[in-house]
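So that we are looking at the same thing, I have put the structure below in structure tokens.
The values are calculated or read from the model by the stated rules, or taken from the named source; none is laboratory data. Keep in mind it's a predicted model, so treat the numbers as computed, not measured. Here the Cβ positions follow ideal geometry from the backbone for every residue, glycine too, while neighbour counts run over all protein chains shown. Keep in mind that these areas ignore ligands, DNA and RNA; they rest on the heavy atoms of the full protein, side chains included. Shrake-Rupley method; radii C 1.70, N 1.55, O 1.52, S 1.80 Å.
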Amino acid sequence: MKTFKHKTILITGASSGIGEAMVYQLLDPTVKLLLVARSEAKLQTMAATLNRQGVQAQPYPCDLAQPGAAERLFQRITEDGHRVDVLINNAGFGKYGRFDQISLADTLEMLRLNIENLVALTHLCLPHMLERGDAGILNVASTAGFQGIPYLTVYAATKSFVIAFSEALHAEYSPHGITVTCLCPGPTTTAFQERAGMPVEGLRRLMESPEKVAAAGLRALLRGEIVHVSGAANAVVAHLSQLTPRRMRLAITQQLLGPRDDA
Ligand SMILES: NC(=O)c1ccc[n+]([C@@H]2O[C@H](COP(=O)([O-])OP(=O)(O)OC[C@H]3O[C@@H](n4cnc5c(N)ncnc54)[C@H](OP(=O)(O)O)[C@@H]3O)[C@@H](O)[C@H]2O)c1
């Protein structure tokens, strides 16, 4: 896929952080933006502002952590006459803490949002993309997905899934004109850390702005990259972690992220 022009683009997690930054980098009168998140009022304000600027944008408030949410969302979008050419699976959240101390409800919510409904939306959007033959999927994973991360155990595992899923889809669908790219941000200054309840002291030096991460992801998709780590320092860290013995890299992450009083 060489351009976003004349495409219908569905963005999950469009109401804040990286997803919101992507929305403002996709403004073009030939593009149709379908904005998905839970915050209905925020999406409505965004869409109204964009419409006034001559950009077609429609809000689709939806809780993608609910079972069957992707199917219901896809039905609404289809009934409104939209066909998704570019799917940006960006919505996601993490929870920080020892595995047994994070509630099972939060853990299952993470699996449904970060994995289940991401896979479902991809499955539902692919038939039209195959028909069109000029389409793209951008899945937002994380550098946390390159290894096990203590105290972000389930979150990191969901992102490992997204990386492996995206990589294999890239091979299956690029011969059919569909680019599948996985964006792996490192620590980014969004609402993510607060919702995760995680410490950020050790990460500050690696922090990037959501605008920078969004631009890197959209560029990587147009270039047809398979996996893109945003930020040079993050790319080096991600690469080195693959070369580092498991025990050593776990010790390093434990040092960076481990709570001071693990009791
Ligand atoms: N920030 C980082 O350090 C970092 C690093 C690596 C990867 N990432 C990944 O980047 C992606 C975007 O996160 P962000 O950093 O931009 O965080 P963010 O500012 O918290 O944005 C998350 C977005 O997802 C939406 N969302 C959350 N739960 C949802 C649900 N149940 N249903 C539908 N939408 C939901 C949120 O909107 P509502 O609250 O309105 O629903 C929001 O628009 C995530 O997949 C995250 O894992 C972030």
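Once you have the Cα-Cα distance between residue 2 and residue 27, take 0.36 nm times their residue separation minus that, and quote the gain in nm to one decimal.
Roughly 7.4 nm would be gained on extension.
Under 5 Å between amide hydrogens, which residues at least 5 positions from residue 180 or on another chain qualify, with H placed 1.01 Å from N in the peptide plane?
137
While we're on this one: Can you give me the three principal axis dimensions of the range 1-142 from its C-alpha atoms, in Å, biggest first?
Reported extents, whole Å, longest axis first: 49, 32, 28.
Separate question: Whole percent per 5 Å bin, from 0 to the bin with the longest distance: what is P(r) over all C-alpha pairs of the range 26-78?
For the range 26-78, the binned pair fractions read 4, 22, 26, 21, 16, 8, 2, 0 percent.
Ordered by residue, what ³J(HN,Hα) values in Hz, to whole numbers, does the range 49-66 give under the Karplus form 6.51 cos²θ - 1.76 cosθ + 1.60, where θ = phi - 60° and Gly and Pro are x?
4, 5, 4, 5, 8, x, 9, 7, 9, 10, x, 10, x, 6, 9, 7, 9, 8
Something else: Placing unit charges on C-beta atoms (Lys and Arg positive, Asp and Glu negative, everything else neutral), compute the dipole magnitude of the chain about its Cα centre in debye, rounded to 20.
My answer is approximately 480 debye.
Another question, then. How compact is the range 181-263 by the rule of thumb for globular proteins, expressed as Cα Rg over 2.2 N^0.38 Å?
In units of the 2.2 N^0.38 Å rule of thumb, it is 1.22.
Could you tell me what percent of the accessible area of the range 8-257 is made up of carbon and sulfur, with a 1.4 Å probe and every protein chain present?
Answer for the range 8-257 is 57 percent, counting heavy atoms of protein chains only.
Let me ask something else about it. Averaged over all directions, how much area does the convex hull of the C-alpha atoms of the range 45-126 cover when projected, in nm²? Please report the intermediate quantities before stating the final value.
Values: hull surface 26.4 nm².
Average of the hull's projected areas for the range 45-126 equals 6.6 nm².
Given bins 10 angstrom wide, list per bin the percent of all Cα-Cα distances in the range 118-237, short to long.
With 10 Å bins starting at 0, P(r) equals 13, 43, 31, 11, 1.
Lysines near residue 7 by alpha-carbon distance under 28 Å, same-chain residues fewer than 8 away left out - which ones?
Correct list for residue 7: 32, 42, 159, 212.
Send over the semi-axes of the range 71-181's equivalent ellipsoid, whole angstrom and largest first, taken as the square roots of 5 times the C-alpha gyration tensor eigenvalues. Mind dumping the intermediate values first?
Details: eigenvalues 165, 57, 13 Å².
Working through the eigenvalues yields semi-axes of 29, 17, 8 Å.
Once Rh is set to the Kirkwood radius over Cα pairs, what Stokes-Einstein translational diffusion coefficient, in µm²/s, holds for the range 102-159 at a temperature of 25 °C and a viscosity of 0.890 mPa s?
It comes out at roughly 189 µm²/s.
Which listed residue (27, 67, 236) has the Cα farthest towards the positive end of the charge dipole for the chain, taking +1 on Lys and Arg C-beta and -1 on Asp and Glu C-beta about the Cα centre?
Of the candidates, 236 comes out farthest on the positive side.
Under a Cβ-Cβ cut-off of 14 Å, what is the net charge of the residues other than residue 170 that fall near it, where Lys and Arg count +1 and Asp and Glu count -1?
Net of charged neighbours comes to -2.
Return one whole number: the accessible area per residue of the range 92-246 in Å², for a 1.4 Å probe. Numbers along the way, then the final one.
Values: 6930 Å² over 155 residues.
Each residue of the range 92-246 exposes 45 Å² on average to a 1.4 Å probe.
At 20 °C and 1.002 mPa s, what whole-number value in µm²/s does Stokes-Einstein give for the translational diffusion of the chain, with Rh from the Kirkwood sum over Cα pairs? Walk me through the intermediate numbers first.
Details: Rh = 18.7 Å.
My calculation gives 115 µm²/s for D.
Taking only DSSP H segments of four or more residues, each worth -39500 (n - 2.57), what value at 222 nm results for the chain once the sum is divided by all its residues, to the nearest 500 deg cm²/dmol?
-14500 deg cm²/dmol
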